[in-house]
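Student: Starting off with a structure, shown below.
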Ligand SMILES: *Cc1c(COP(=O)(O)O)cnc(C)c1O
């Protein structure tokens, strides 16, 4: 049996008529830039999340950059990010000249550790060299961070929280949808491999604050003012392509069903993998519904790479998210102390393995994958 890590073809077949109709409409009207589908999509995304304002943009990376620009983040500012995430979470504050301050994760959920976050903020404050200016918790692998613990002290210290929901659109925590978790702003990505992906790059920023929404829309188009040649600030060319909005409108039709399927696949994996010595299946926090951007297992001592090789030999692709915690990257100053300073991020990077995951994975395929994992350990 040949397994795909993500099966885009099966999804495309399911929506091909609607996809073609939606894309043809953009082609026939030549409405490639900011066509009516952009507003239509933004309305749908607001409806879906319950957030008041949605500004679509060219990528999840720009969706992180734009709120940071709106807040005037720059040199001398500290922005708190988890030590274990995709590079962009730390890259965007650094691009603006701010200093990313890394915080270790909780070992079971891989999410930023709220206690260590509060400690890090107080430490930076008392050192007095940098101004704590923003926090970017990440909804890693599809489940929201612990906002109920983070927001109270962030609000008390007047530090805005930017939710990095690039991997978590469609997830929920304590009755709140990702991208509407009570943070000042939330960023998501429509990169093809994300839970709601388009056929190229795309992203969106959500907020309930009308003033911030207006600034975000200005930043998206070169800092435009009342018209596009009355520029009032430095901005970006950060628009989402209309064709990608047309793709997303088609995908949104089946997205609630796909979320259910993702839960089915995760449950099926958990059942089939239970009782294998040396394999730990992922844990979702009580009160959360994950959208399963990735299904990451952790393996006991030094078996990860051998298992990955064995699975590859059996036509089962796997991936490692992420093989290197961000503070261990050479470009960051503390890289040589990463293992001691961020032990959970370090250990996770050595043990984690993402299994094939998409809403169209069948029970037979899951059984096959898990039987090979069982074979490896017996
Ligand atoms: C994918 C991702 C991003 C960046 O999104 P792009 O659309 O690829 O720019 C940012 N943060 C996290 C956690 C991601 O997984």
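The values are calculated or read from the model by the stated rules, or taken from the named source; none is laboratory data. Quick caveat: nothing in here was measured; it's all calculated off a predicted structure. Please note: Cβ atoms are built from the backbone with ideal geometry, for glycine as well, and neighbour counts cover all protein chains shown.
Student: Those residues that are over 20 Å from the mean Cα position of the chain (by Cα) and in contact (Cβ under 8 Å) with a residue 40 or more places away in the chain, I need them from the stretch 1-20; list them, please.
Tutor: Correct list: 1, 2, 3, 4, 10, 11, 14, 15, 18, 19.
Student: Mind checking whether some residue in the stretch 265-275 is on the phi > 0 side of the Ramachandran plot and in contact (Cβ under 8 Å) with a residue 40 or more places away in the chain? Give the derivation first.
Tutor: Step one: of the stretch 265-275, the residues on the phi > 0 side of the Ramachandran plot are 275.
So of that shortlist, the ones also in contact (Cβ under 8 Å) with a residue 40 or more places away in the chain come out as none.
Looking through the stretch 265-275, none of the residues is on the phi > 0 side of the Ramachandran plot and in contact (Cβ under 8 Å) with a residue 40 or more places away in the chain.
Student: On the given criteria, is residue 291 modelled with pLDDT of 95 or more and under 19 Å from residue 188 (Cβ atoms)?
Tutor: yes
Student: Every residue in the stretch 75-130 that is in contact with a strand residue (DSSP E or B) (Cβ under 7 Å, 6 or more places away or on another chain), surrounded by fewer than 16 Cβ atoms within 10 Å (Cβ to Cβ) and more than 22 Å from residue 336 (Cβ to Cβ), please.
Tutor: Across the stretch 75-130, the qualifying residues are 76, 125.
Student: Another one. Condition check: farther than 24 Å from residue 157 by Cα, away from the ligand (no atom under 14 Å from the Cβ) and either more than 17 Å from the chain's Cα centre (by Cα) or at pLDDT 95 or above (or both). Does residue 50 satisfy that?
Tutor: In short, yes.
Student: Still on this model: Within the stretch 23-36, is there a residue that is in contact with a helix residue (DSSP H, G or I) (Cβ under 6 Å, 6 or more places away or on another chain), in contact (Cβ under 8 Å) with a residue 40 or more places away in the chain and surrounded by 21 or more Cβ atoms within 10 Å (Cβ to Cβ)?
Tutor: no
Student: On the basis of being surrounded by fewer than 16 Cβ atoms within 10 Å (Cβ to Cβ), touching a helix residue (DSSP H, G or I) at 6+ places or on another chain (Cβ under 8 Å) and over 22 Å from residue 46 (Cα atoms), does residue 225 make the cut?
Tutor: So residue 225 passes the test.
Student: Among the residues of the stretch 69-77, is any in contact with a helix residue (DSSP H, G or I) (Cβ under 7 Å, 6 or more places away or on another chain), in a helix (DSSP H, G or I) and away from the ligand (no atom under 16 Å from the Cβ)? Write out each step before concluding.
Tutor: Here is the first cut: in the stretch 69-77, the residues in contact with a helix residue (DSSP H, G or I) (Cβ under 7 Å, 6 or more places away or on another chain) are 69-70, 73.
Retained after the next criterion (residues that are in a helix (DSSP H, G or I)): 69-70.
Now drop any that are not away from the ligand (no atom under 16 Å from the Cβ), which leaves 70.
Yes: the stretch 69-77 contains one or more residues that are in contact with a helix residue (DSSP H, G or I) (Cβ under 7 Å, 6 or more places away or on another chain), in a helix (DSSP H, G or I) and away from the ligand (no atom under 16 Å from the Cβ).
Student: Inspect all residues belonging to the stretch 213-230 and state whether any of them is within 14 Å of the chain's Cα centre (by Cα) and either at pLDDT below 95 or within 16 Å of the ligand (Cβ to nearest atom) (or both).
Tutor: Within the stretch 213-230, none of the residues are within 14 Å of the chain's Cα centre (by Cα) and either at pLDDT below 95 or within 16 Å of the ligand (Cβ to nearest atom) (or both).
Student: Also, I was wondering about something else. Which helices (runs of 4 or more DSSP H) sit wholly inside the stretch 261-378 and have at least 1 residues that are within 30 Å of residue 90 (Cα to Cα)?
Tutor: Counting at least 1 such residues, we get 304-313, 338-341, 343-351.
Student: Here is a further query. If you check residue 55 against the conditions, is it within 16 Å of the ligand (Cβ to nearest atom), under 19 Å from residue 167 (Cα atoms) and crowded, with 17+ Cβ neighbours inside 10 Å?
Tutor: yes
Student: If I filter the stretch 280-293 for residues that are surrounded by 17 or more Cβ atoms within 10 Å (Cβ to Cβ) and free of Cβ contacts under 8 Å to residues at least 24 places away in the same chain, do I get at least one hit?
Tutor: Within the stretch 280-293 (the criterion being surrounded by 17 or more Cβ atoms within 10 Å (Cβ to Cβ) and free of Cβ contacts under 8 Å to residues at least 24 places away in the same chain), the answer is yes, since at least one residue qualifies.
Student: Report whether or not residue 233 is assigned to a loop (DSSP other than H, G, I, E, B) and within 16 Å of the ligand (Cβ to nearest atom).
Tutor: Details: assigned to a loop (DSSP other than H, G, I, E, B): yes; within 16 Å of the ligand (Cβ to nearest atom): no.
Against the criterion (assigned to a loop (DSSP other than H, G, I, E, B) and within 16 Å of the ligand (Cβ to nearest atom)), residue 233 does not qualify.
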